[in-house]
Structures are given as structure tokens and as C-alpha cells.
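Worksheet: the structure to be examined is printed underneath.
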Amino acid sequence: MIATIAFYVFAAVMLASAAAVVSSRNPVHSVLFLILAFFNAAALFLLAGAEFLAMILVIVYVGAVAVLFLFVVMMLDVNFDQLRGGLQRYAPVGAAVGAVLLAELVLVIGGWRFAPDVAALRLAPRPEQISNTAAIGDLLYTRYIFLFQIAGLVLLVAMIGAIVLTHRERHEARRQDIRIQNARTPAETLALVRVPLGAGISTLGIYHPVVAEPEDTELAPPGFDNPDLHTHEAH
Amino acid sequence: MAGFFRTPFGMLILMVLEALAILVPLLLLVAYATVAERKVLAAMQLRKGPNVVGPWGLLQAFADAGKMLMKETIIPTGANRLLFLFAPMVTFTLAMIAWAVIPVDNGWAVADVNVGILYLFAISSLGVYGIIIAGWASNSKYAFLGGLRSAAQMVSYEVSIGFVMVSVLLCVGSLNLNDIVLAQRHVWFCIPLFPMFIVFFISALAETNRSPFDLPEGESEIVAGFFVEYSAMTFALFFLGEYANMFLMSASTTILFLGGWLPPVGLPPFTWIPGVFWFVGKVLACMFVFMWVRATFPRFRYDQLMRLGWKVFLPLSLLWLVVTAVVLVLTGWVPQGTA
């Protein structure tokens, strides 16, 4: 009884917050409602006895993905009124896409035929003494190992793509190379000099101005004839 | 009486009592940790520290609490009121609810769940929300910078914490925190997994925004970071949440690497002391290291922090994970856990 009440509470909150994600005026509030929806989905997993999936959902989606969403949305300078402006114009298109998706879902699920013995399996999905964490691991790493690895490869490709798209060499940045710093010895960096009264460091020949590295001198001033740098500054 | 606790109402009462049994000592410890930190820092800097309120300044915690309660809660103009007040509550609540799964002695956990360590990891990865929401809702550039710094920092160090946890799990064969401690009966994991122990502890410093990784506060650059606009009890909740998080990270270190409630050697003079004292003692020792580090190291620069997280800890923990797996398979020590 309590589980049923809990199910309806979590499901209702999840649907309400999902609706709030699209209807809320402030994008930051939208992301926060999205997080609430994730939490309720995790609670539904818990009710279904899938505690591993529930925790993974919270760790991956709430703990990492949504943080980055929030990060990006907070950094964007969004004009809220402008955001709402296109609503009238785009609403029919959105509704049409939604209707097509709904029709497809109805067709797919309506035409779904269960094998006759599957209902019994659904009620006893796994042996009692194996927890669902171990059961998922057993399946993922044996029967579905290739699909699992391919999913990992897809993510790797996406990651490499993101790095390639955003990576740029910044010549103007000063880099810290800890190996070089650690390799320095007092003998090559320190000199003890007895300085007579009134003598300047340049007259003694111990004035070593910091010499700019040759590649720095060849570079044009940022933004002058290097449009690449200039556009980056603008961002 | 035992029958009463099996009725639905009795179970509710029991749950509340169990929660109080862990939260009240925790909050007392947190209150005294704030005094202890000032005392430890003072001793390390040859000062006296708080010594006026009560004998040896021991009532300082209550004086501070009284002061915080009396002060005015200021909400800046242009702040998002609801989220501004919500953020410290999130920080404080998350620091408290994680304690539901911490076993302080054999089986002494409010909830002895199968996926205890995942729960712990999930809760600690949520801690960033309080900070980032506070930073944004304050409508202040310093607070916002602090929030952004903290978001990037905590997400980065979670990755290596995750790998460290996985390599511990490989040696245990269970996600249950009780099983993790019991797997250390013969040797604490800080010995065979020593590099992971170090990586975990340093990442714990970064995860709790403690010195030398306290860039989200960064008082020399961004005033007080994410909580610059907070005053009175809203500030106190952040402050208490931070210390409760430190206790949580100390408890995680104790459970994962220092044998939880187990005595160092399973022989009579050590086994006479109840496990809960060993647990609290180890947690307090970890807390002392937190304070010691604060008194010792200067703050990292932000690029150094990112370099340490992504270019040192991540490859190191990944490599050690593979090494652990290979050693376990080659020696046939893979635990045959069913959990």
C-alpha cells in the first residue's frame, strides 16, 4: 500500500517537474526542475527494486551531466523575453513533431507482441541470492559485451570530437612545466655577489633582463593580423 | 516493546530515533570541530586560539551559534530569494543524509543498503549543487565565480574518487559498506592500495573545498567566494555543512582504507575497546590531517588544481585500477562475493 502511494507521489512529481522544465521562464529553474525529475525517476527505480540503476542515474545524470548543464545555462546571457517570443510561431511545428512521435510510439507499442512465457520471467527476473548489481554485471560483461564496448567507443569518439573542436594552441599563454622547475638547481639559478657601495647591477654585469623566447617575438601582437586570436578574444 | 517497533507507527518512531542517534553526536562533533580547527591552527602557528568563552575556550562553539542566530539574515537586492535560501539548506541536508549508510560498528548503520558506496558517491557528488546555486542566486560576480570554480573542481576530482572506489570494490566484491570493512580484517586497504589512499585523501580535500584547494572561497581573490552574500544562519548552514562534509569524507576514508571499526590488530588489548571508539578515533585522526594540511600548504593556483586532477590523479588511479585487476586475476584473489 505504502509502495503504491509512493509510486504515485513520485510519478506525479516527476511529470509535474518535467512539465515545469519546458514551461518555466528562467532556464536555470528549468535545469533545476530537470534535476528534480531525475531524482523522482531514481526513486521510481528504487521502488522497482533496481537500486543499482537508481544510484547510477543520480551519479551520472544529477551528479555530472546536470552540473554541466547548469554550468552552461548560468554562463549564457539569455534574454528571457526574447526566448518566449517565438512561442506562437514555433508552437504548431513543435506540436506536429510531437504528434508524429506520439503516433509512432502508439504504433510501436500497440504492435508489440510478448512471447507467451515472458510474463513469468518478468515476475521472477533473477535468482533471489544474486543482487541486481551482480545480475546487471553478469549480463553486460558476457552476453552484451560487444554492445557495451560499442557504446563505450561511441562515447570515446564523441569525447575526442569535442576535444578536437575546442582545442587550440595558445602561444600567448605562459605555461608552467613542473619538470623544468624541479630540474633547476641552485647552482644555475643563484649567484652570490659582493656588491660594492654605489655600484649598479648593470655596471657589475649581473643584470639579466628576462629575454623573450624567440617564438614569442615572431608572433604578431594578438588580434592585429591574426584574426584567429581576435575572434577568440571576442568570445 | 519489540512488538511495538514492528508496527508501522513504531517503525517510524524507531527510524526517527536511529536518525537522532547518529545526527546529534555528529552535530556536536561538527560544533566542536570548528573550535578544534581554530585551536589546532593556533597551536601550529604558536598562538593560543579561542580561550575566553568557558574553560580553555570550550564554550566557543555555543557562543558562535548564539551569535549566528541573533544576527540578521540579509538577502541582497536582485538575488533570487527562493534559491538563495534553498542553497544552504541543500548543502546542510546533503551533508547529513549521507550518514544514513555509514556503519559505525559491525552492522550499526541506519540503513544497511546493498549499494552503500554508490549512495555515498552519489550524495557527495550532489554537494556541488548547494555551492553552484548559492553562487548563482546571490547575483554577485564574486559569488558566481566561486560557484563556477567549485563546479569545475568538484566534477574533476569526482572522476578519480570514482576510480579509487572501483579499485577498492575490486578487492571487496561488494558494494555494501559493512562488507567493505569486513574485507579488511586481515590487512587494511591503505597498505596494499597505498597510492589510492593518498589519491583519495587529496581528492577528498578538493571535494570538500578545503585548503589547499579552497579556490571556491579564495578570500584573497574573490572575497569569500560562493557565500560572500550570506549572513547569519544561512552562512552558519554553509559552515556547518562544510565541516559535516569533512567528517563524511573522513568517515569514507576510514571505511574504505583504514578498516572502519576494526582494531589495528585483532588481539586482546585492542579488541577490548568497542568498535565504535575505533571508528570515531580514526575519523578524528583524519579530521586532524585536514586541519594540519590547512595549516601547512599554500593554496593551489587554478590551473595547477586542474593539472593535478586530470593529468596526475586520473592517469594514476586508472593505471592502479588496471594493476589491481591484473594482480587479483593472476593471483586468483578475486573475491567471490555475491552481493
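Data table
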read-out	value
Carbon and sulfur %, accessible surface of segment A:1-78 computed with the full protein complex present, 1.4 Å	81 percent
Peptide B:172-184, shielding by other chains (average Cβ, 10 Å cutoff)	1
Per residue value of the accessible surface for segment B:167-286 (all protein chains in place, 1.4 Å probe), Å²	34 Å²
Rounded tilt (10° steps) of B:81-97 against the dominant C-alpha axis of chain B	30 degrees
Accessible area that becomes buried as B packs against A, both chains, 1.4 Å probe, Å², nearest 100	2200 Å²
Rounded accessible area of A:PHE148 (nearest 10 Å², 1.4 Å probe)	80 Å²
Local electrostatic count, B:ARG299, Cβ distance below 14 Å [Lys/Arg +1, Asp/Glu -1]	-1
Kirkwood-based shape ratio for segment B:187-289, expressed as Rg/Rh from alpha carbons	1.10
0 to 90° range, to nearest 10: angle between helix B:314-331 axis and chain B longest Cα axis	10 degrees
Hz values of 3J(HN,Hα) by residue in segment B:219-233 - Karplus curve (6.51, -1.76, 1.60), Gly and Pro given as x	5, 7, 10, 10, 6, 9, x, 5, 9, 4, 8, 8, 9, 6, 5
Of all accessible heavy-atom area on chain B, the percent that carbon and sulfur account for (1.4 Å)	73 percent
Å² per residue, accessible surface of segment A:131-170 at 1.4 Å	83 Å²
Largest-first principal axis extents, alpha carbons of the protein assembly as shown, Å	100, 76, 62
At least 40 Å² accessible surface lost relative to isolated chain, residues of segment A:46-72 (1.4 Å probe)	A:GLU51, A:MET55, A:ILE59, A:GLY63, A:VAL67, A:PHE71
Residue-averaged beta-carbon neighbours from other chains (10 angstrom radius) around B:149-161	2
Cβ-based net charge around B:GLY78, under 15 Å, with every Lys or Arg adding one and every Asp or Glu removing one	+1
For peptides B:88-96, A:168-176, B:119-127, sequence by mean Cβ density within 10 Å, most packed first	B:119-127, B:88-96, A:168-176
Heavy-atom accessible area order for B:TRP320, A:TRP112, largest first, 1.4 Å probe	A:TRP112, B:TRP320
For segment B:1-156, the fraction of alpha-carbon pairs in successive 10 Å shells from zero, as %	9, 23, 30, 28, 8, 1
Max mean-square fluctuation residue, GNM over chain B, Cα-Cα springs under 10 Å, options B:VAL53, B:VAL228, B:VAL40	B:VAL53
Residue-averaged beta-carbon neighbours from other chains (10 angstrom radius) around B:115-123	5
Residue-normalised accessible area of segment A:1-78, expressed per residue, 1.4 Å probe, Å²	53 Å²
Zero-based 5 Å bins, Cα pair distances in segment A:1-78, whole percents	3, 17, 22, 22, 17, 10, 6, 2, 1, 0
Student exercise, the protein assembly as shown dipole from Lys, Arg, Asp, Glu Cβ charges, in Debye to nearest 20	860 debye
Residue order for B:LYS39, B:LYS282, B:LYS141 - accessible surface, 1.4 angstrom probe, largest first	B:LYS141, B:LYS39, B:LYS282
For chain B, built as a Gaussian network whose Cα springs stay under 10 Å, the top-fluctuating residue of B:ALA183, B:ALA100, B:ALA63	B:ALA63
Segment A:131-170: Cα Rg divided by the 2.2 N^0.38 Å rule of thumb	1.76
Heavy-atom accessible area order for A:LEU15, B:LEU284, largest first, 1.4 Å probe	A:LEU15, B:LEU284
Spatial separation of Cα centroids for segment A:31-64 and segment B:32-72, in angstrom	40 Å
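The values are calculated or read from the model by the stated rules, or taken from the named source; none is laboratory data. These figures come from a predicted structure and were not determined experimentally. Cβ coordinates were reconstructed from backbone atoms using ideal geometry, including for glycine residues, and neighbour counts include every protein chain displayed. The area values use the complete protein model at the heavy-atom level, side chains included, leaving out ligands, DNA and RNA. Shrake-Rupley method; radii C 1.70, N 1.55, O 1.52, S 1.80 Å.
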